[in-house]
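The values are calculated or read from the model by the stated rules, or taken from the named source; none is laboratory data. Computed from a predicted structure; not experimentally measured. Cβ placement follows ideal geometry from the backbone for every residue including glycine, while neighbour counts extend to all protein chains displayed. All accessible areas refer to the heavy atoms of the entire protein, side chains included, with ligands and DNA or RNA removed. Shrake-Rupley method; radii C 1.70, N 1.55, O 1.52, S 1.80 Å.
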Amino acid sequence: MTATTPRVGQAATGRVQPQPSVPERARELLRSGLGLIGPRHARHSLSVDQLDALALPIGDDGVVIGVDAEGRPAVLGLNRPTPYDVVLIGGLWTVQVIALRAAATGARVAVETGRPQAWIQMVHAMGGGQNGLAVYDVGRVPPQGTSAGTPVLVVRDCGMRPPRGRVVSGPWQSVLTLLPYLSPVAPRLVRQAHLVGVQRVSPDEAAELGRTMALPRAEVESLPGLSDGLTLWCSDRDRQYVMTQPTDAETGLLGTPRRMD
């Protein structure tokens, strides 16, 4: 006699065994620890004509620092695996908004400043330095221990002539330096920066920045008349005007946009 192997679902006697019901299969899966049964939802489908109406809000990863001339969100990517230096020639208000929003994205913010009283309200609002923002005296910022999971933004609010920082930009650690006006160290910092923001400056400062940054004449002439909250952001390949608009919570904490402190 030749032995035959019974088919799946069929006993050796040749009789077809009844298949277990869906609830019985689910109970067996649960007993074996395999495949927890999740909720069941109806399928979603679109016709070809409806595909054009489908849009996903996907953009650059980073901190929304305002809107561009077309009203689209302007995003600044501060959390990077490579060193990144930003210089803002402008007011403290804009830097503090960026710091708040960076902390809201999960970054730790270390502020190096000679005027800690200007930051104390933010520290208190964020839990006394325990929730992402800490303030240090000039030259006293300790190593931050950065990683992809704990990126850091170092804000240098050290006046017109900031000394060379002990903590510099590196992987997952960006540095944002605030200059209230141009100074003898400004050209060096601007040349070394990956991104430069310029708010309202005097005509003489605008002319100097035009030479240092190779700005077109139209933009040089626009700088002395920029409104509060408006910044011209410049990189090697792009220039963009961005209006920083505060949320209600930011207005309550920091006030309205202003160039002067």
* Structure fact -> Listed by chain and number, the residues whose amide H is under 5 Å from that of ALA74, excluding neighbours fewer than 5 places away on the same chain and using placed H, are ILE65, GLY66, VAL67, ASP68
* To do: For ALA249 and ARG217, compute 0.36 nm times the residue count separating them, minus their Cα-Cα distance, and round to one decimal in nm.
  => 7.7 nm
* Leaving ligands, DNA and RNA out of it, work out the accessible area of MET243 with a 1.4 Å probe and give it in Å² to the nearest 10. => 50
* Give the long-range amide H neighbours of THR177: residues separated by 5 or more places, or on another chain, with amide H under 5 Å away, using H modelled in the peptide plane at 1.01 Å from N. => VAL86, VAL87, LEU88, ARG156
* Placing +1 at every Lys and Arg Cβ and -1 at every Asp and Glu Cβ, with all other atoms neutral, what dipole size does the range 128-235 have around its Cα centre, in debye to the nearest 20? -> 440
* Hey, got a sec? Which chymotrypsin sites (Phe, Trp or Tyr not before Pro) in the range 168-261 land in a DSSP loop and have at most 14 other Cβ atoms within 10 Å? -> TYR181
* Listed peptides 247-255, 223-231, 208-216, 151-159 by packing density, highest first (mean Cβ within 10 Å) -> 151-159, 223-231, 208-216, 247-255
* Structure fact -> Computed ³J(HN,Hα) along the range 161-175: with the Karplus parameters 6.51/-1.76/1.60, θ = phi - 60°, integer Hz and x for glycine or proline, the list is 10, x, x, 4, x, 6, 9, 10, 5, x, x, 6, 9, 9, 10
* Asked: Across every pair of different alpha-carbon atoms, what Kirkwood hydrodynamic radius in Å does the range 129-186 reach?
  -> 12.5
* Structure fact -> So ARG164 and THR150, fully extended at 0.36 nm per residue minus their Cα-Cα distance, gain in nm 2.6 nm
